[in-house]
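Chemist: For reference, the structure I am asking about is given below.
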Amino acid sequence: MDLSLFSFLLVSLTTITFLLIIKHLSSPKQTSSPSILNGYPLVGNMPRFIKNQDRFLEWCTELVLASPTGTVTVAPIVFTADPAVVEHVTRSRFENYPKVYGIVEAFKDFIGDGIFNADGKSWMVQRKSASYEFSTKSLRAFVHERVQKEITTRLIPVLIRASRTGKIVDLQDILEHFAFDNICSLVLDYDPKCLGEERNEEGERLLRAFEEASEMCCERAKNHSVIWRLKEWIYGSSRKLNNSVFILRDKIDKCLKSRKNKASGSHQADFLSRFVDEGTHSDELIRDLLISFMIAGDTTPSGMTWFFWVLSCHPDVVSKIRDDVETVRKDRDQLGLDELREMNYLHAAISESLRLYPPVSMLPRICKEEDILPDRTTVRKGWVVMYSAYAMGRSRRLWGNDCEEFKPERWFENEGLRQVNSFVYPVFHAGPRMCLGKEMAYIQIKAVVASVLERFDIELVASGRLKVSITTKMEGGLKVRFKERTSN
């Protein structure tokens, strides 16, 4: 045989063999189940995760809504929008599904051993203390008082100035400053004065530190610990995180010291004072617990931002909310807790907005021991089960064919507000870890929305796409104009 012909055949055979191998490696194994996406040889499902890393929430939503069971396995993650699975993971087999260690590790420098980062006995001790404090009438009254003060003395004046100058403002940014003032007041009995003309440098520095620490830890959580540690070692970004955390902890330590120097028995309603008076936690644990509460407070401006955006597209709902507020207010100067509770239509509209745009869109839990879910899905030890409140709010099985429409009326039945199972509507999570601040969130959102819509018309100028961080934010902010109403 001619040497050149032999070489040609050898090269051709090698090339064909190589292409066949590449084709085999690039094609996932076939499966008979639409609820399981089998991985590629050698690399598993890594290509899928890389491809969808910038649209992870949208990808998860597409998968679970297309699944006949509402659950899809993309090993080592099981995505679900099935209420029975949510109940199984958050309540029935609660002990088998703790927090994901990689996420705990990513937030450790920020939250420490606070309730959001804790499991087991540590979590139970903190939860018991927090549950007692959240259940008191004095706390609800304290929250309402501080929120009303912030609305009257800062939020409304800021919006009046914007209205009279015709200035385009970022409502998301305003609400985040408003909420940070409130949560610092509630948690630390400290007013950072981040909203309004009297802004102070210390408060702004504290807010920046909080936002930077939150964002950096969230970015950490998106990667394996080896990767984020290597990146931080190369770029030195851990110094920035450490500096932000130091600013936060230093302020809390000063507040702790100040409170301890006050006469014992001088009762105050903020969380720091309550935990100091309780006397059962170390200063370090109190600090970590308070930072967890500050993070929880960041969910409220997220909910309000998306609610105001939704309202900008539904003027008919705005009119009904104004009627609701007017009926309840009558001749009262301020809206008390009882009046806010009476605003059923506003409550329904908020719930509907949270259904479509939950502040926490996805929640992961790791499987300690191999398990079988109620829909017969197998979960291996070390796999992650992730349920999505965002996807569940868009499920026709749960909410009907009009699930993607904004309809506050769906929250009424028998002339009263409809009560929805938390496993169907896990906006405030579910099971033993269900959010303790649910009522406080409604108090704050109702008070803000009622006060703003009474006084102003809102014109939408520009809005951004949904961005997943610790909470669901609007990328680029919510740009609006305010116009004072001639009659309130």
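Chemist: Out of GLU201, GLU215, GLU232, I need the residue that is open to solvent by 80 Å² or more (accessible area, probe 1.4 Å) and of a type outside the set (A, V, I, L, M). Which one?
Modeler: Values: GLU215 fails: open to solvent by 80 Å² or more (accessible area, probe 1.4 Å); GLU232 fails: open to solvent by 80 Å² or more (accessible area, probe 1.4 Å).
Matching residue, one of GLU201, GLU215, GLU232: GLU201.
Chemist: Check SER138 against each of (1) polar (S, T, N, Q); (2) modelled with pLDDT of 95 or more; (3) surrounded by fewer than 15 Cβ atoms within 10 Å (Cβ to Cβ) and name the one condition it does not meet.
Modeler: The one condition SER138 does not meet is (2).
Chemist: Out of the residues in the range 439-461 that are open to solvent by 40 Å² or more (accessible area, probe 1.4 Å) and at pLDDT 95 or above, which is farthest from PRO358 (Cα to Cα)?
Modeler: Step one: filter the range 439-461 for residues open to solvent by 40 Å² or more (accessible area, probe 1.4 Å), giving 439, 455, 457-461.
Applying the additional criterion that residues be at pLDDT 95 or above yields 455, 457-461.
Values: ARG455: 27, ASP457: 25, ILE458: 22, GLU459: 23, LEU460: 21, VAL461: 23 Å.
Here the answer is ARG455.
Chemist: Given (1) surrounded by 15 or more Cβ atoms within 10 Å (Cβ to Cβ); (2) in contact (Cβ under 8 Å) with a residue 40 or more places away in the chain, identify the lone condition not met by HIS224.
Modeler: The number of the failed condition is (1).
Chemist: Might you let me know whether the range 99-108 holds any residue that is in a loop (DSSP other than H, G, I, E, B) and within 22 Å of the chain's Cα centre (by Cα)?
Modeler: Initially, the range 99-108 is screened for residues in a loop (DSSP other than H, G, I, E, B), giving 99-100.
Remaining after also requiring within 22 Å of the chain's Cα centre (by Cα): 99-100.
Yes, because at least one residue in the range 99-108 is in a loop (DSSP other than H, G, I, E, B) and within 22 Å of the chain's Cα centre (by Cα).
Chemist: Among ALA81, ALA118, ALA179, which is among the small types (Gly, Ala, Ser) and within 30 Å of LEU337 (Cβ to Cβ)?
Modeler: The conditions single out ALA179.
Chemist: When you look at ALA296, is it in contact with a Phe, Trp or Tyr (Cβ under 6 Å, 6 or more places away or on another chain) and part of a helix (DSSP H, G or I), yes or no?
Modeler: Details: in contact with a Phe, Trp or Tyr (Cβ under 6 Å, 6 or more places away or on another chain): no; part of a helix (DSSP H, G or I): yes.
No.
Chemist: Further, regarding this structure: Pairs only if they're at least six apart or on different chains, beta carbon under 6 angstrom, first in the range 155-170 and in contact (Cβ under 8 Å) with a residue 60 or more places away in the chain, second among the hydrophobic types (A, V, I, L, M, F, W, C) and part of a helix (DSSP H, G or I); list them, first residue then second.
Modeler: What qualifies is LEU155/PHE178; VAL169/ALA162.
Per-residue answers, yes or no, for (1) surrounded by 21 or more Cβ atoms within 10 Å (Cβ to Cβ); (2) acidic (Asp, Glu); (3) under 13 Å from the mean Cα position of the chain (by Cα); (4) within 30 Å of ARG380 (Cβ to Cβ):
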position: THR300; (1), (2), (3), (4): yes, no, yes, no
position: TRP306; (1), (2), (3), (4): yes, no, yes, no
position: VAL310; (1), (2), (3), (4): no, no, no, no
position: ARG322; (1), (2), (3), (4): no, no, no, no
position: GLU326; (1), (2), (3), (4): no, yes, no, no
position: ASP333; (1), (2), (3), (4): no, yes, no, no
position: GLU342; (1), (2), (3), (4): no, yes, no, no
position: HIS347; (1), (2), (3), (4): no, no, no, no
position: MET362; (1), (2), (3), (4): no, no, yes, yes
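Chemist: Looking at the range 64-76 only, could you name the residues that are open to solvent by 30 Å² or more (accessible area, probe 1.4 Å) and touching a strand residue (DSSP E or B) at 6+ places or on another chain (Cβ under 9 Å)?
Modeler: Step one: filter the range 64-76 for residues open to solvent by 30 Å² or more (accessible area, probe 1.4 Å), giving 65-66, 68-69, 75-76.
Within the range 64-76, ALA66, THR69, ALA75, PRO76 qualify.
Chemist: Can you tell me which residues in the range 147-176 are open to solvent by 20 Å² or more (accessible area, probe 1.4 Å), farther than 21 Å from GLU204 by Cα, of a type outside the set (A, V, I, L, M) and in a helix (DSSP H, G or I)?
Modeler: SER163, ARG164, THR165
Chemist: Which of the residues that make up the range 471-488 are surrounded by fewer than 19 Cβ atoms within 10 Å (Cβ to Cβ) and either touching a Cys at 6+ places or on another chain (Cβ under 9 Å) or among the polar types (S, T, N, Q) (or both)?
Modeler: Within the range 471-488, THR486, SER487, ASN488 qualify.
Chemist: On the basis of being assigned to a loop (DSSP other than H, G, I, E, B) and surrounded by fewer than 19 Cβ atoms within 10 Å (Cβ to Cβ), does GLU369 make the cut? Full working, then the answer.
Modeler: On the way: assigned to a loop (DSSP other than H, G, I, E, B): yes; surrounded by fewer than 19 Cβ atoms within 10 Å (Cβ to Cβ): yes.
Yes, satisfied.
Conditions (1) over 21 Å from the mean Cα position of the chain (by Cα); (2) under 21 Å from VAL100 (Cα atoms); (3) not in a helix (DSSP H, G or I), marked per residue:
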residue: PRO359; (1), (2), (3): no, yes, yes
residue: ARG365; (1), (2), (3): no, yes, yes
residue: ASP375; (1), (2), (3): yes, no, yes
residue: GLY382; (1), (2), (3): yes, yes, yes
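Chemist: Can you tell me which condition LEU436 does not meet? The list is (1) open to solvent by 40 Å² or more (accessible area, probe 1.4 Å); (2) assigned to a loop (DSSP other than H, G, I, E, B); (3) within 30 Å of VAL74 (Cα to Cα), and all the others hold.
Modeler: (3)
Chemist: Name the residue that is farthest from ALA209 (Cα to Cα), counting only residues in the range 88-118 that are among the charged types (D, E, K, R) and open to solvent by less than 60 Å² (accessible area, probe 1.4 Å). Walk me through how you get there before you give the answer.
Modeler: First pass over the range 88-118, keeping only residues among the charged types (D, E, K, R): 91, 93, 95, 99, 105, 108-109, 113.
Applying the additional criterion that residues be open to solvent by less than 60 Å² (accessible area, probe 1.4 Å) yields 99, 105.
Numbers: LYS99: 25, GLU105: 19 Å.
In this case the residue turns out to be LYS99.
Chemist: Which is within 22 Å of the chain's Cα centre (by Cα) and more than 25 Å from LYS467 (Cβ to Cβ), of PHE271, PHE246, PHE210? Before you say what the answer is, go through the steps one by one.
Modeler: Working: PHE246 fails: within 22 Å of the chain's Cα centre (by Cα); PHE210 fails: more than 25 Å from LYS467 (Cβ to Cβ).
One residue alone meets the criteria, PHE271.
The values are calculated or read from the model by the stated rules, or taken from the named source; none is laboratory data. Please read these numbers as outputs of a predicted model, since none were measured by experiment. Note that each Cβ is placed from the backbone with ideal geometry, even for glycine, and that neighbours are counted across all protein chains shown. Note: accessible area is taken over every heavy atom of the protein model, side chains too, but ligands, DNA and RNA are not part of it. Shrake-Rupley method; radii C 1.70, N 1.55, O 1.52, S 1.80 Å.
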